[in-house]
Amino acid sequence: MTTLATPATAAVALEGVSRAYGTGPAAVRAVDDVTIGFPRGGWTAVMGPSGSGKSTLLHLAAGLERADSGRILLGGTDITAAGDDELTALRRTRIGFVFQSFNLIASLTAAENVALPLRLAGRGPGKGEVADILAAVGLAERARHRPRELSGGQQQRVAIARAMITQPEILFADEPTGALDTRSGDVVLRLLRTMVTGGQSILMVTHDPAAAARADSVVFLRDGRLAGRLESADAATVAEHLVALEG
Ligand SMILES: Nc1ncnc2c1ncn2[C@@H]1O[C@H](COP(=O)(O)OP(=O)(O)OP(=O)(O)O)[C@@H](O)[C@H]1O
């Protein structure tokens, strides 16, 4: 796998991207002139101390927030040039997003939650489409259950199925195991690995070195800037790098 994906080979590439919050002396440069590519078909974890800009980077790359400057390329598309409607359409069809808190709709069944992105995109699911993807995340028997009837790990797998139903070019995951116990988290991480083996691109923010070590590479941030990248690192090496940044 290439370490530095160029825009042509990247699932998502950032070129000189900055994003600040607030103005004047109180301004915070959450992401500060970042240039990086995330390889297609690869799984990249983003780590860094609290407030280092991880979530902001993920939200920028996913088109959930606008950059102040620089370019963000999703496949070949410059999303920084996209209008609001185009960006909404692009998020619905080309991007999957999974949150720490699952964000399922409580009144809908697992199957209805999974079908939602297709309905929002203006089409219903094809025959067997939802059942197939629920089976792929190991929840074939839970289609009619509502979120409150599912464990945290099961809810996160429904959320992953919902994110994957549109076959996104890249799956963004913000602390996907943050609310899970080790065992449920492990099931989710194994599911993500299965998806990557199938060609899926994943960008994941995590605080957990053990989770980050499951990715192909780990990118570190400090004060909104890139602060290193490790390939195929074990959890101890990831933790050492993180501790050095926090020191
Ligand atoms: N909406 C906002 N308004 C003002 N400041 C913000 C906003 N979002 C983020 N920030 C600031 O930008 C910086 C980066 O925040 P971000 O949430 O991206 O960091 P993080 O690395 O994900 O943090 P954590 O690990 O604590 O979740 C922080 O200083 C934060 O306080």
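The values are calculated or read from the model by the stated rules, or taken from the named source; none is laboratory data. On a predicted model such as this, the values are computed, not experimentally measured, just so you know. Quick reminder, even Gly has a Cβ in these numbers, built from the backbone with ideal geometry, and neighbours come from all protein chains shown.
Numerical summary
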read-out: Among the candidates Arg40, Arg29, Arg92, residue that is more than 18 Å from the chain's Cα centre (by Cα) and either under 21 Å from Asp216 (Cβ atoms) or not small (Gly, Ala, Ser) (or both); value: Arg29
read-out: Number of the exception - Ala239 against (1) modelled with pLDDT of 95 or more; (2) more than 28 Å from Leu134 (Cα to Cα); (3) within 16 Å of the ligand (Cβ to nearest atom); (4) in contact with a strand residue (DSSP E or B) (Cβ under 9 Å, 6 or more places away or on another chain); value: (4)
read-out: Checklist (1) surrounded by fewer than 22 Cβ atoms within 10 Å (Cβ to Cβ); (2) of a type outside the set (S, T, N, Q); (3) closer than 29 Å to Leu139 by Cβ applied to Ala26, failing item; value: (3)
read-out: Among (1) over 26 Å from Gly185 (Cβ atoms); (2) in contact with a Pro (Cβ under 8 Å, 6 or more places away or on another chain); (3) not in a helix (DSSP H, G or I) - the single one Phe102 does not satisfy; value: (1)
read-out: Test: residue in segment 142-151 that is within 17 Å of Gln200 (Cα to Cα) and crowded, with 19+ Cβ neighbours inside 10 Å; value: no
read-out: Residue satisfying all of: in segment 197-216; surrounded by fewer than 21 Cβ atoms within 10 Å (Cβ to Cβ) and small (Gly, Ala, Ser); farthest from Ala27 (Cα to Cα) among these; value: Gly198
read-out: Verdict on Asp223 being at pLDDT 95 or above and either crowded, with 22+ Cβ neighbours inside 10 Å or touching a strand residue (DSSP E or B) at 6+ places or on another chain (Cβ under 6 Å) (or both); value: no
read-out: Pairs with Cβ under 8 Å, 6+ apart, first in segment 47-62 and in contact (Cβ under 8 Å) with a residue 24 or more places away in the chain, second near the ligand (Cβ under 7 Å from one of its atoms) and part of a helix (DSSP H, G or I); value: Met47/Lys54; Gly48/Lys54
read-out: Elements of type strands (runs of 3 or more DSSP E) contained in segment 7-90, each with 1 or more residues being within 9 Å of the ligand (Cβ to nearest atom), under 17 Å from Arg229 (Cα atoms) and in contact with a strand residue (DSSP E or B) (Cβ under 8 Å, 6 or more places away or on another chain); value: 28-39, 43-47
read-out: Boolean, Ile105 is touching a Gly at 6+ places or on another chain (Cβ under 9 Å), modelled with pLDDT of 95 or more and not acidic (Asp, Glu); value: no
